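So the structure is just underneath, and the comments pick up after that.
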Amino acid sequence: MFKTSERILAGLCFFFFSATTSAQTKEIHVADYLPDVRLSHVFNYKHDTLRLSDFRGKAVILDFGRINCHGCLLALPKFDTLQELFRKDFQAIWVTDNSDSQIKQFLATDSIGKQVKIPIIAEDTVLDSTFLHMGIPYEVWVDQYGNVLSITTQRFVNYESLDFFIHYYMQPPKKKSDFYRTRTGYSTATVR
């Protein structure tokens, strides 16, 4: 069995390894700002790289999945449909750690892959390590300013949820009209 000094040494090594690993990867949580990073290995997009700032002004859902995840693949047509319905205000992006060659084969030969129109980020290590998660699929909802508003499962991605997200959360604050008292009675003032 291990001696006490060996256990302490092993514990310290684990502690220092954990501390240096977590320091290298900045986790992003709900209400955090999503930094503008340049991502490569991009398919179904006008360039082979994209920046998250390319989509500022739109709601964005980062859909994390893999080609060997049946549920992930079945959701792709839904994202394409939502993308078409909300094209002016919304962008869906599929994020996967599958290789470029796997994605090329998927897009060329799979019945779902042949129909996918949303951008795909392959060989991802940046976003995957930024959003710690237990499994796939999972969705990261980002507002028009780049703030992470929610992290959910796919079952929350539907027309009603996206419509609410865009038309409630994405709207600028409305002007507020207040009443105030004057010498002659009540009046209204528009306050920004």
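The values are calculated or read from the model by the stated rules, or taken from the named source; none is laboratory data. In this text, all values refer to a predicted model and were calculated from it rather than measured experimentally. Here Cβ is always computed from backbone atoms with ideal geometry, including for glycine, and neighbour counts include all displayed protein chains.
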When only residues in the range 48-65 that are part of a loop (DSSP other than H, G, I, E, B) and not charged (D, E, K, R) count, which is modelled with the lowest pLDDT?
GLY57
What is the number of the single condition among (1) out of contact with any Phe, Trp or Tyr (no Cβ under 9 Å at 6 or more places or on another chain); (2) part of a strand (DSSP E or B) that ASN68 does not meet?
(2)
Pairs, first among the basic types (Lys, Arg) in the range 44-66, second in a loop (DSSP other than H, G, I, E, B) and exposed (fewer than 15 other Cβ atoms within 10 Å of the Cβ), C-beta under 6 Å, six or more apart
ARG51/ASP36
Sort out which residues of the range 76-102 are hydrophobic (A, V, I, L, M, F, W, C), without any contact (Cβ under 8 Å) to a residue 60 or more places away in the chain and assigned to a loop (DSSP other than H, G, I, E, B), and write them in order of number.
none
Would you check if PHE179 is modelled with pLDDT under 75 and either surrounded by 18 or more Cβ atoms within 10 Å (Cβ to Cβ) or touching a Phe, Trp or Tyr at 6+ places or on another chain (Cβ under 6 Å) (or both)?
yes
Give the residue, chosen from LYS88, LYS114, that is surrounded by fewer than 16 Cβ atoms within 10 Å (Cβ to Cβ), of a type outside the set (Phe, Trp, Tyr) and under 16 Å from ALA59 (Cα atoms).
LYS88
Subset of the range 1-47 (residues that are among the charged types (D, E, K, R), at pLDDT 75 or above and either surrounded by 11 or more Cβ atoms within 10 Å (Cβ to Cβ) or assigned to a helix (DSSP H, G or I) (or both))
ASP32, ASP36, ARG38
